[in-house]
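Below is one structure; the comments refer to it alone.
Taken together, the values in this text are just the output of simple stated rules run on the coordinates, not laboratory data. Just so we're clear, the structure is a prediction, and the values are computed from it rather than from any experiment. Note that each Cβ is placed from the backbone with ideal geometry, even for glycine, and that neighbours are counted across all protein chains shown.
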Amino acid sequence: MSSPSSPASQGSAILDVLGHEHRNMLERAVRNVLGTEVAELVYAQILDGLPIEKSLRDSSDYVRDHPVHSLQHAEICPGYIDKAREFMKQFDLSQLQLDLKTIKAFADTVPVSETFNLRLIEIVAVACHQIGAFLFNLDDGAHKHKLYEDWRQSVLEEKERGVESRRYYDPPAIAFCHRAYRYPEQYPKGPADVAGYWAESKILGGVIVFDRGETEQEV
């Protein structure tokens with residue numbers, strides 16, 4: 001998951017500010033979440049390239065000719081659950097692009113306190129999000145992003161021509177989309193962040209937002 005702007009060595013250096021107990025509990029928490037069946041299925045769908053029909057229905061209005069429905073994509077394509085498992089097996093916390101201030105704030109908490117737990121949840125959510133974004137950017141699935149992009153473009157063209165069935169429909173930028181986090185231009189990683197929010201919401205039951213107040217330090 002490392003990149004030129006944030007190599008794994010940098011992630012490891014940031015984690016070095018944590019004491020032994022904090023780091024162990026953080027690594028265990030992230031691994032426990034990533035080891036769940038729901039996380040496995042969520043990341044397998046992103047690797048596959050399209051959500052399955054049930055996932056789409058849970059987060060989007062029904063559109064008959066959506067690629068997921070037209071392909072009757074009821075199950076994850078063969079091999080992608082195994083790919084997700086293999087990725088999780090090799091995953092290391094140092095691969096994440098963690099914020100130094102967030103990690104220092106976690107390091108300053110007392111283990112098992114309310115503040116500790118909140119900071120821990122925050123970092124776990126970041127992990128779920130960043131992994132989803134990373135896997136989306138691979139675009140190496142059975143269904144390439146272009147499949148959805150081409151369909152979306154045709155919908156927008158029909159809407160422009162005044163096709164009545166498209167009049168009130170605004171197709172999301174990508175196939176993996178949370179209703180409240182659907183505009184890639186608002187996020188640093190664009191469409192990948194949209195996929196990250198989708199993954200986060202599916203795994204954790206919603207997108208976790210922390211209000212730090214004016215100082216950005218409050219919990």
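Only a single criterion out of (1) assigned to a helix (DSSP H, G or I); (2) surrounded by fewer than 17 Cβ atoms within 10 Å (Cβ to Cβ) is not satisfied by residue 74, namely (1). Taking residue 24 as meeting all but one of (1) in a helix (DSSP H, G or I); (2) within 20 Å of the chain's Cα centre (by Cα), write down the number of the exception. Unmet for residue 24, out of (1) in a helix (DSSP H, G or I); (2) within 20 Å of the chain's Cα centre (by Cα): (2). For the stretch 66-74, indicate whether the set of residues that are under 19 Å from the mean Cα position of the chain (by Cα), farther than 21 Å from residue 189 by Cβ and of a type in the set (S, T, N, Q) is non-empty. No, the conditions are met nowhere in the stretch 66-74.
Take the conditions (1) within 19 Å of residue 137 (Cα to Cα); (2) part of a helix (DSSP H, G or I); residue 57 misses just one of them, which is (1).
Which one is nearest to the chain's Cα centre (by Cα), of the residues in the stretch 154-183 that are hydroxyl-bearing (Ser, Thr, Tyr) and not in a loop (DSSP other than H, G, I, E, B)? Step by step, filter the stretch 154-183, then rank; the result is 181. Mind listing whichever residues of the stretch 41-54 are in a helix (DSSP H, G or I), β-branched (Val, Ile, Thr) and farther than 16 Å from residue 172 by Cβ? Selection gives 42 alone.
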